[in-house]
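What follows is a set of notes on a single structure, which appears directly below.
The values are calculated or read from the model by the stated rules, or taken from the named source; none is laboratory data. What you see is a predicted model; the values in this text were computed from it and never measured. Every residue, glycine among them, receives a Cβ derived from its backbone with ideal geometry; neighbour counts consider all protein chains shown. Remember, those area values only see protein heavy atoms, side chains included, never the ligands or the DNA or RNA. Shrake-Rupley method; radii C 1.70, N 1.55, O 1.52, S 1.80 Å.
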Amino acid sequence: GIDYRNPLFQNIDGSTRIAGIWDQTIQDGTLPDGLDYGSEYTEEMINEALRSENPLEIVPSVDTEGHGTFIASVAAGNADLEHRFIGAAPEATLAVVKLKPAKSYLKDFYVIRQDATCFQENDIMFGIQYAITCAQMLGMPLSVCIGLGGSLGSHWGESPISLFLNNMNRYVGNVSVAAIGNEGNQRHHYQGRVEPQQGYAQVELKVGQREGFIMEFWGNAPNPFSMIIESPSGEQKEIVKSRTLMFQRLSFVFSDTVIEASYVPIERQTGETLIFLRILNPVEGIWRIQVLSDSCQGSGFHMWLPVTPLINQETYFLASSPDVTLTTPAVAKDVISVTAYNTQNESLYLEASRGYTPNMNIKPDIAAPGVDLRGPLPNGRYGVRSGTSLAAAYTTGAAALLFEWAIVKGNDGAFSGNTVRNYMVRGARRSRLRQYPNPEWGYGILDLYHVLELLT
């Protein structure tokens, strides 16, 4: 959400710069055109609320966590001289979507606490479409900031939202920017290989207090895979390779742990072997997983746990890999995928996820400021935050400025999201001490001034 009452999102005369808010969590207001849930609050309604003594009686949408307001301010906040603050594109018009929480049954299925903050992919896609519709009605180019992500899926960029954003970025006047995530230091990814001489690879998983979780295994095509799971007490259960036994339930005799496995021998988008695991009531301790394959050439594989904070912090791989920890939808090929760095010493953000994708698409694309950025906090205060979502917001504002130069000012009416991405990659600042592209920095540091030099 967004705190629409914050002066950072108002014109000099006190009117709002927000063209519309679609709050998916409020169900008793006016429905947006073509959508059958949530409530839309137009620019006129927001202005009426700002003139009122009780704005929330007219537009009750609020930012309950402060994250959305902070990101919006980094991308497009007004200048605030007193607090030495200005956003990247301070005169941009805003379209805002507040996502509703994921449904309870989905949280149950994915073994997520009911009080955890998480969202549904279809709601995000509807939100992006709402922003596209707003931009079309206003006759403006659109720069979309996606400051969230998840670790499920193949990480090939073939998920529905990834394909949706790829298609969006190919059209004139639309660009999407996504944060790559803060999973680089969380130990939620394991990358391994089964060598033919041994026939198996052993993975050790530290499981925290008895809290269930999910895990995904993706084995490289065309090799078949199976696995043996050993509990801390030494009890073993096998997930067999099968084209007919799609669902396997493993019950442990010496504990009440149950593992439900969905076995997909040939996943339809990638051709890889997918084993989706629901681990219920796990015993605390070290679990060992033997990954087996009878390929004569060796078989590579990846395993991912959910992103923080959707899993117990005490659950992680003992021999984890910080690479290939990008979140979806930042893995999408045509999305501008952004990592974060510290402008004070030009060091990479410690928690930032890393590339590349398993199918060797080069991600992230660029790095942008995202460490100790100053911005608005609830109750009129200012503070600092860090994260790749802030770097994505910064880049979103930069992309809006490129669209202003190209489309609004009539310099190049054919600018698409892919054009913006290509120019940002070409104009990125690169250190002579590093080889580019690389999995940490992508093609280098965002340098909008150099991009404009290339354009002119």
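Find the all-direction average of the projected area of the Cα convex hull for the range 334-431, expressing the result in square nanometres with one decimal place. Write down the numbers at each step before the final one.
On the way: hull surface 32.9 nm².
Hull-based average projected area comes out at 8.2 nm².
On average, how much accessible surface per residue is there in the chain, in Å², for a 1.4 Å probe, leaving out ligands, DNA and RNA? Mind dumping the intermediate values first?
Details: 20670 Å² over 456 residues.
Using a 1.4 Å probe on heavy atoms only, each residue of the chain averages 45 Å².
Tell me, what HN-Hα J-couplings in whole Hz come from the Karplus equation 6.51 cos²θ - 1.76 cosθ + 1.60 at θ = phi - 60° for each residue of the range 112-125, using x for Gly and Pro?
Calculated HN-Hα couplings, in order: 10, 4, 5, 8, 6, 8, 8, 9, 9, 4, 5, 5, 5, 5 Hz.
Given an 8 Å cut-off on Cα distances and at least 6 residues of separation, report the relative contact order of the range 74-144 as a percent.
On the way: 61 pairs, mean separation 15.3, N = 71.
Reported relative contact order: 22 percent.
Report, to the nearest whole %, how much of the accessible area of the range 129-231 belongs to carbon and sulfur atoms, 1.4 Å probe, protein only.
The computed percentage sits at 49.
What does the helix-only formula give at 222 nm for the chain: each DSSP H stretch with n ≥ 4 adding -39500 (n - 2.57), the total divided by the residues, and the result rounded to the nearest 500 deg cm²/dmol? Working shown, then result.
On the way: 9 runs with 92 residues, N = 456.
Value at 222 nm, helices only: -6000 deg cm²/dmol.
Filter the cross-link list 206/237; 206/241; 98/409 down to pairs whose alpha-carbon distance in this structure exceeds 28 Å. Walk me through the intermediate numbers first.
Working: 206/237 18 Å; 206/241 25 Å; 98/409 31 Å.
The pairs that break the limit, which is 28 Å between Cα atoms, are 98/409.
Could you sort the peptides 144-156, 171-183, 300-312, 408-420 by per-residue average Cβ neighbour count (10 Å cutoff), highest mean leading?
Numbers: 144-156: 23.4, 171-183: 26.3, 300-312: 21.1, 408-420: 15.9.
Ranked from most to least packed, the peptides come out as 171-183, 144-156, 300-312, 408-420.
Which order, highest average first, do 235-247, 125-137 follow once you tally other Cβ atoms within 10 Å for each residue and take the mean per peptide? Spell out each step's value before the answer.
Numbers: 235-247: 13.2, 125-137: 18.8.
Listed from highest to lowest mean packing, they are 125-137, 235-247.
How big is the dipole moment of the chain about its Cα centre under a simple scheme where the beta carbon of each Lys and Arg is +1, that of each Asp and Glu is -1, and everything else is neutral? Debye, nearest 20, please.
1160 debye
For the range 347-388, run through the trypsin sites (Lys or Arg not before Pro) and keep only the ones in DSSP coil with at most 14 other Cβ atoms within 10 Å of their Cβ. Provide the component values of the computation, followed by the final result.
Details: sites: 354, 374, 381, 385; in loops: 354, 381.
Here the trypsin sites (Lys or Arg not before Pro) that fit, given the DSSP loop and packing criteria, are 381.
With Kirkwood's inverse mean 1/r over C-alpha pairs for Rh, give me the Rg to Rh ratio of the chain, two decimals please.
Details: Rg = 23.2 Å, Rh = 23.3 Å.
Checking Rg against Rh, the ratio lands at 1.00.
Place the peptides 427-438, 337-348 in order of packing, highest mean first, counting for every residue the other Cβ atoms within 10 Å and averaging per peptide.
Numbers: 427-438: 13.2, 337-348: 19.6.
Order by mean packing, descending: 337-348, 427-438.
Only Cα pairs under 8 Å and at least 6 apart count here; give the relative contact order of the range 412-456 as a rounded whole percent. Intermediate results must be reported in sequence, preceding the final value.
On the way: 37 pairs, mean separation 17.6, N = 45.
Dividing the mean separation by the residue count of the range 412-456 yields 39 percent.
When the accessible area of the range 262-379 is split by element with a 1.4 Å probe, what percent falls to carbon and sulfur? Show your work: numbers first, answer last.
On the way: 2060 of 4360 Å².
The C+S portion of the solvent-accessible surface of the range 262-379 is 47 percent.
Residue by residue through the range 219-232, what is 3J(HN,Hα) from phi via Karplus (6.51 cos²θ - 1.76 cosθ + 1.60, θ = phi - 60°)? Round to whole Hz and write x for glycine and proline.
x, 4, 5, x, 7, x, 9, 8, 8, 10, 10, 10, 6, x
Taking amide H positions as placed in the peptide plane 1.01 Å from N, state which residues far from residue 97 in sequence (5 or more) or on other chains have amide H under 5 Å from it.
22
With label points built 7 Å along Cα→Cβ from the Cα atoms of residue 53 and residue 281, find their separation and express it in nm.
5.9 nm
Hey, got the dipole for the range 256-316? About the Cα centre, +1 on K and R Cβ, -1 on D and E Cβ, debye to the nearest 20? Don't jump to the answer; show the numbers that get you there.
Values: 3 positive and 7 negative charges, 24 e Å.
For this selection, approximately 120 debye.
Which number do you get for Rg(Cα) / (2.2 N^0.38 Å) in the range 234-391?
On the way: Rg = 20.1 Å, N = 158, 2.2 N^0.38 = 15.1 Å.
Dividing the Cα Rg of the range 234-391 by 2.2 N^0.38 Å gives 1.33.
Residue 86's amide H: which non-local residues (gap 5+, or another chain) put their own amide H closer than 5 Å, with H modeled 1.01 Å from N in plane and none for Pro or chain starts?
It is 80, by chain and number.
Any aspartates and glutamates with Cα under 19 Å of the residue 100 Cα? List them, leaving off those in the same chain fewer than 8 positions away.
Cα-Cα hits under 19 Å: 3, 23, 28, 33, 36, 40, 63, 65, 108, 115, 121, 123.
Please go through the range 78-140 and write out the trypsin sites (Lys or Arg not before Pro) that DSSP classes as loop and that have at most 12 other C-beta atoms within 10 Å.
Numbers: sites: 84, 98, 103, 107, 113; in loops: 84, 103, 113.
Sites meeting the loop and neighbour criteria: 84, 103.
Compute the relative contact order of the chain as a whole-number percentage, counting only Cα pairs closer than 8 Å that sit 6 or more residues apart in sequence.
Details: 1104 pairs, mean separation 83.2, N = 456.
Reported relative contact order: 18 percent.
Tell me, what ³J(HN,Hα) does each residue in the range 152-167 have, in order and in whole Hz, if you take phi through Karplus 6.51 cos²θ - 1.76 cosθ + 1.60 with θ = phi - 60° and put x for Gly and Pro?
6, x, 6, 6, 8, x, 10, 6, x, 5, 5, 5, 4, 6, 4, 5
Nothing charged except the Cβ atoms of Lys and Arg (+1) and of Asp and Glu (-1): what's the magnitude of the dipole of the range 376-441 about its Cα centre? Round to the nearest 20 debye. Walk me through the numbers on the way to the answer.
Numbers: 9 positive and 3 negative charges, 62 e Å.
Its charge dipole is roughly 300 debye.
Compare the Cα positions of 315, 50, 232 along the charge dipole of the chain (+1 at Cβ of Lys, Arg; -1 at Cβ of Asp, Glu; about the Cα centre) and return the one farthest towards the positive end.
The one lying farthest along the dipole's positive direction is 232.
Distance between the C-alpha centers of the range 382-427 and the range 313-361? Whole Å please.
20 Å
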